[in-house]
Structures are given as structure tokens and as C-alpha cells.
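The structure under discussion appears below in the form of C-alpha cells.
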Amino acid sequence: MGVLCSKEHHIAQEDVEEQAQAKDIDRRIAQESKAEKNVQKLLLLGAGESGKSTIFKQIKVLFQTGFDDMERRNYIPAIHANVYQSIKILHDASKEFAETEEENTSKYILHSENQVLGEKLSEIGSFSDLWPLTEECALNIQAVWKDPAIQATFLRASELQLPDCTQFFLDYVLRLAQPNYTPTQEDILYARVRTTGIVEIEFSPKEDAKKGEIYRLFDVGGQRNERRKWIHLFDGVTAVIFCAALSEYDQTLFEDESKNRMMEARELFDWILKVPWFQRTSFLLFLNKFDIFEKKVLKICKEEV
């Protein structure tokens, strides 16, 4: 009988522990459910190169702690890749313009000493794994960038698939090549890294933090081959932030050079508005890259005067 009582006591003790664990799990689920009620889900959508990821980074700077030293250093390979790819695109385009233009082709021909440097840099830019930017390479890039033929080619940037960071990074290429270089906040905002997959960030502005409101912002790739992933995020969205770049009215898609970027953005926005999941969802339209648009318009106005 003593053994039986001991066994029953052991079973009763297990029941008590299981019940306590079950209550703890229920309590945590209830807390998480309550917390989720205060979470506003925001979705950043738009075509590729519309500036979505820059907005995402600006949110991190404005409403979080920004980028720590490790995060800043992690951007160095991307920034160096932007430099190599930009100078390669410009060099290759200048050669093409020199061969295909019917008039004034000489203005697209580099000085003889820069032609050798340009070929070498173009070859480096073709590699999938680009090596770190050295001071020697930076001096070569600066020489090619300042060549009148490259500057003439850059004036036709809208005809090329150049990243928006081209002028900024090439103007400061010597700084980017310093051995102790750590990207600044501005460098990171300019850095072009094509978004693949889904990234998210949580933030709460001061006035909303007092109310317990939290915003969860999702950024997704904008290229056509990335859009099939969007559907996984459509449920329970509080607001869609759609980005369209004003400056892209005279540019074509990276993935389809027969398609105007502004027209692609308009058609994509029209499709998003008709998605059944978003019938009760708020929409915010961000007309992005106004600074680049303004420079383009002023340049056109000066040429017409």
C-alpha cells in the first residue's frame, strides 16, 4: 500500500507540473496576442530601383539606433562593388557610343593613358567576386572618371543601367579606399544592394510608443522575379507604402530594357490596388527620388534656353 500511495503522489505531482506549464504557455500566448493587437503591419512595395530599401534604411536611422560599427563595415563590399560596377558601365558605354554614334564620336574616346586603365577596370568589374578597393585602384578609377569621354558618357546616364550612387561614390572614391575606411550614414543610404527575399524591421515613434503602438515594416525585392514572394505578406496588412521614382520617367527596366520604368510602376500600382487582400487596406504613395528628378528637369531647361 505504501508503494501505491507513493506512485499516486508522484503522478499527482506530474499533473500539477503539467497544469502549471500549460497555464504558463496560455499566459504567454495571451500576452503575445495582446501585443500583436498593437502591431501595425506596413508593406513597402514598388518596382526595382524605386528607392524602397533606402526608405527602409532611413526608418532604421530615424526610429532605431541607426547602424553600429559592425553593420557599417558590412556595407564596405557592397560600396566597393558599386564603384567597380559603375566605372565598368561607363567605360563600356563610352566605347559603344564611340563606335555607334554618327556624329562627334571623338568626345567618347578616352585619352590614351586612360584607355588602358579603363580596360583593366572593366575587366575587374566583370568578376562576380570583386576584391576590396585599393588606393592604387582608386587612383585609376579617379583618373578614368575625370576623363572628358567618361563625363560625356555620364551625361547620358538615363540610357544606361547606372546606379543612382554613381556620381557620389566616384567623386569620393579615394576616401572609400582608405585602409581604415568605415562607411558613413550617408554612404550606407547611397549604397545599392539589390533586395532579395523579405526583410523586416520594428519601430515605434515616440508619440506612438507611449500608446504601445508598434510598426512592423516589410521590404521585399522589386524586380519581376521577386514579386512572386509578395503574396506571402498580403494578409493582415495595415497599410501599403508604394514607392515610385519620379526620376525614372526616361529610364528602362534593368530586367527588360524595352519597358519604361515609370510605366512599369504605374501598371504595378494599378495591379496592387486591385488585389482582394487590400480592399480595406490604406495606401500611401511615395513619389521618390525628387532630388534626382529636379536635377534632370533643370538640366533639360538649361539645354532648351
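The values are calculated or read from the model by the stated rules, or taken from the named source; none is laboratory data. Treat the numbers as computed from the prediction; the structure is a model and nothing was measured. Neighbour counts run over all protein chains shown; Cβ positions are idealised from the backbone, glycine included. Each accessible area value is taken on the protein alone, full model and side chains, heavy atoms only, with ligands, DNA and RNA left out. Shrake-Rupley method; radii C 1.70, N 1.55, O 1.52, S 1.80 Å.
Can you pull out every residue in the range 224-276 that is part of a loop (DSSP other than H, G, I, E, B), over 30 Å from residue 37 (Cβ atoms) and open to solvent by 80 Å² or more (accessible area, probe 1.4 Å)? Selection gives 254, 257, 258. The numbered conditions (1) out of contact with any helix residue (DSSP H, G or I) (no Cβ under 7 Å at 6 or more places or on another chain); (2) crowded, with 17+ Cβ neighbours inside 10 Å; (3) closer than 30 Å to residue 216 by Cα are all true for residue 187 except (1).
Going by what's in this entry, would residue 207 be described as out of contact with any helix residue (DSSP H, G or I) (no Cβ under 7 Å at 6 or more places or on another chain), assigned to a loop (DSSP other than H, G, I, E, B) and at pLDDT below 90? When the stated conditions are applied, residue 207 does not pass them. Within the range 142-151, the presence of a residue that is of a type in the set (A, V, I, L, M, F, W, C), over 22 Å from the mean Cα position of the chain (by Cα) and under 18 Å from residue 295 (Cα atoms) is excluded. Against the condition under 26 Å from the mean Cα position of the chain (by Cα), within 30 Å of residue 291 (Cα to Cα), part of a loop (DSSP other than H, G, I, E, B) and among the polar types (S, T, N, Q), how does residue 161 come out, does it pass? When the stated conditions are applied, residue 161 passes them. Selection within the range 62-88: residues that are hydrophobic (A, V, I, L, M, F, W, C) and exposed (fewer than 13 other Cβ atoms within 10 Å of the Cβ). The member of this set that is nearest to residue 159 (Cα to Cα) is 62. Across the range 136-157, the number of residues qualifying as in a helix (DSSP H, G or I), out of contact with any Ser or Thr (no Cβ under 9 Å at 6 or more places or on another chain), in contact (Cβ under 8 Å) with a residue 24 or more places away in the chain and open to solvent by 20 Å² or more (accessible area, probe 1.4 Å) comes to 4.
Select from the range 51-92 the residues that are of a type in the set (Phe, Trp, Tyr) and under 18 Å from residue 121 (Cα atoms) and list them in ascending order.
Across the range 51-92, the qualifying residue is only 84.
When the range 104-135 is filtered for residues that are under 14 Å from residue 153 (Cα atoms), out of contact with any Asp or Glu (no Cβ under 7 Å at 6 or more places or on another chain) and not in a helix (DSSP H, G or I), the ones remaining, listed by number, are 104, 109. Every condition in (1) part of a helix (DSSP H, G or I); (2) open to solvent by 50 Å² or more (accessible area, probe 1.4 Å); (3) not β-branched (Val, Ile, Thr) holds for residue 169 except the one numbered (2). Just to be sure, is residue 286 under 16 Å from residue 219 (Cβ atoms), in a strand (DSSP E or B) and open to solvent by less than 20 Å² (accessible area, probe 1.4 Å)? The answer is no for residue 286.
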